[in-house]
Amino acid sequence: MTDVSNNQLPERVDVVIIGAGAAGLMCAATAGQRGRSALVLDHANKVGKKILMSGGGRCNFTNLYTSAENFYSGNPHFCKSALARYSQWDFIALVEKYGIAYHEKALGQLFCDNKSKDIVDLLLAECRAAKTQIRTRCAVSTIQFEQNGYLVETNLGLVHCESLVVATGGLSIPTMGATGFGYDIARQFGLDIVPTRAALVPFTQHKRQLQRQDSLPGSSLAVTASCGEGSFHEQMLFTHRGLSGPAVLQISSHWREGQAVTFDLAPDRDLVDWLQHRRQESPESHSHSVLAELWSKKLVQFFLQRLDIASRPLKQFSDAELQALGAKLQTWKLVPDGTEGYRTAEVTLGGVDTDQVSSRTMECKTQSGLYFVGEVLDVTGWLGGFNFQWAWASGHAAGEVA
């Protein structure tokens, strides 16, 4: 980043926040409530774009069961302080203060009854009450550190601030305006970046595999997806590109290229025992009709074809054959071809190295007045409202001191 021109007198504010997403708006409102003059800059045409599209348009704004165990980071302890000081209960209280109706969908996930816009409106109301300024279509071109703060050059003019907060997000969903600008700022000031990759993202499969399952897009079933140290019991969805659904998105954060993912296709039962019990109860029943008690007919046909097993009455299976059938049907092990990448990823794994940032204030340890909040940091949550809670907590932490 180059030096800025000194010919123009800059506007002066206490805090500049780059990025008008969840973390940036929370930080701005919190700083403004302390009496700090805060200015939010965003290159997009409107604020909170990822909030608006999240949760199918209803915004999964937090999770009742948020804890540090729900996050990935090179430093697993980093998120504890901020999450403890601004918890899910704090944000729920804010939602209730504004009379926003919400519901628990599953596994502690809280969604708006109405629309995601309710959350954006809440944040904007908090910013207005705190006399925070917000400028959209405002692109930052250069940042220069000075003895008493930072000089920020934008397409709308120069701004000088004591504190600079980077809330630019990660690389996920570039159509929403995501860029690596926050990482560029970090590098400019000597911070390391933990290598990034797409997370909470669908798997793609090889063309031959897709042809074998060409009747399945839209079909779903409950599974336990496992890879490495991760294991998640949720729904899996077949798509035209491969596999998606909550179980797949969750396990994608653990997956690396070339690794196999194991799916338990009947996680609530032992299929060997169940098939033996069903044979005893109904020996004349065909295997495909019995399995249709668990899965759709399309899925049963696919699973049996995958094993090259013709359907026949259960009484015609020997004990060994039935055991083999149950064991093979229970577990599906495959190596994904890849992922859909940042194009559809909900979040970005990796980011600004947290070893160089204060876990209490989000301030850079080696650069006074420079803060990083939200997804730009090497903190990534599970699916289910955890990433929003990190945005609220980290934004609030920085806003209390910036």
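The values are calculated or read from the model by the stated rules, or taken from the named source; none is laboratory data. The shown structure was predicted, so the numbers you read here are calculated from the model rather than taken from an experiment. Quick reminder, even Gly has a Cβ in these numbers, built from the backbone with ideal geometry, and neighbours come from all protein chains shown. Accessible surface areas use protein heavy atoms only, side chains included; no ligands, DNA or RNA. Shrake-Rupley method; radii C 1.70, N 1.55, O 1.52, S 1.80 Å.
Suppose every Lys and Arg Cβ carries +1 and every Asp and Glu Cβ carries -1, with no other charges. What dipole size does the range 273-321 come out with about its Cα centre, to the nearest 20 debye?
Details: 7 positive and 7 negative charges, 48 e Å.
It comes to approximately 240 debye.
For Thr354, what is the net charge nearby, where nearby means another residue's Cβ is under 13 Å from its Cβ and Lys, Arg count +1, Asp, Glu -1?
That works out to -3.
When the accessible area of the chain is split by element with a 1.4 Å probe, what percent falls to carbon and sulfur?
That share works out to 48 percent.
Please compute the modelled spin-label separation between Phe189 and Arg128, points set 7 Å along Cα→Cβ, answer in nm with one decimal.
Simple spin-label model gives 3.2 nm for this pair.
Which of rounded, prolate or oblate describes the range 115-215 when judged by the alpha-carbon gyration tensor and an a/c cut-off of 1.5?
Judged from the Cα gyration tensor, the range 115-215 comes out oblate (a/c at least 1.5, b/c at or above a/b).
Could you tell me whether the range 35-148 comes out rounded, prolate or oblate from its Cα gyration tensor? Rule is a ≥ b ≥ c as square roots of the eigenvalues, rounded for a/c under 1.5, then prolate if a/b exceeds b/c, otherwise oblate.
Judged from the Cα gyration tensor, the range 35-148 comes out oblate (a/c at least 1.5, b/c at or above a/b).
Kindly give the semi-axes, whole Å and largest first, of the ellipsoid equivalent to the chain, taking each as the square root of 5 times a Cα gyration tensor eigenvalue.
Working: eigenvalues 481, 83, 59 Å².
After diagonalising the Cα gyration tensor, the semi-axes are 49, 20, 17 Å.
Treating only the Cβ atoms of Lys and Arg (+1) and Asp and Glu (-1) as charged, compute the dipole magnitude of the chain about its Cα centre; round to the nearest 20 debye. It would help to have the intermediate numbers written out before the result.
Numbers: 37 positive and 40 negative charges, 180 e Å.
Roughly 860 debye, rounded to the nearest 20.
Keeping all protein chains in position, work out how much accessible area Arg36 exposes to a 1.4 Å probe, and write it in Å² to the nearest 10.
Taking all protein chains as shown, Arg36 has close to 50 Å².
Could you work out the helix-only [θ] at 222 nm for the chain, with each DSSP H run of four or more residues adding -39,500 (n - 2.57) and the total divided by the number of residues, to the nearest 500 deg cm²/dmol?
Values: 13 runs with 119 residues, N = 402.
That calculation yields -8500 deg cm²/dmol at 222 nm.
Give the accessible surface of the chain per residue, rounded to a whole number of Å², with probe radius 1.4 Å and ligands, DNA and RNA excluded.
Result: 44 Å² per residue.
With the dipole of the chain worked out from charges on the C-beta (+1 for Lys and Arg, -1 for Asp and Glu) around the Cα centre, which of Ile18, Asn60, Ala130 lies farthest toward the positive end?
Asn60
Taking every DSSP beta bridge that has both residues in the chain, what percent is antiparallel when rounded to the nearest 5?
In the chain, DSSP labels about 75 percent of beta bridges as antiparallel.
Between Ser141 and Glu69, what is the label-point separation in nm under the 7 Å Cα-to-beta-carbon projection?
Distance between label points: 5.1 nm.
Remind me, what semi-axes does the range 324-402 give for its equivalent ellipsoid, largest first in whole Å, using sqrt of 5 times each Cα gyration tensor eigenvalue?
Semi-axes, largest first: 38, 13, 11 Å.
Loop-only check: which trypsin sites (Lys or Arg not before Pro) in the range 64-142 are DSSP coil with at most 16 other Cβ within 10 angstrom?
When the trypsin sites (Lys or Arg not before Pro) of the range 64-142 are filtered for loop state and at most 16 Cβ neighbours within 10 Å, Lys105, Lys115, Lys131, Arg137 remain.
Would you mind finding the longest exposed-site-free stretch of the chain, with exposed GluC sites (Glu not before Pro) meaning DSSP loop and at most 16 other Cβ atoms within 10 Å?
For GluC sites (Glu not before Pro) (loop position, at most 16 other Cβ atoms within 10 Å), the longest site-free span of the chain is 1-228.
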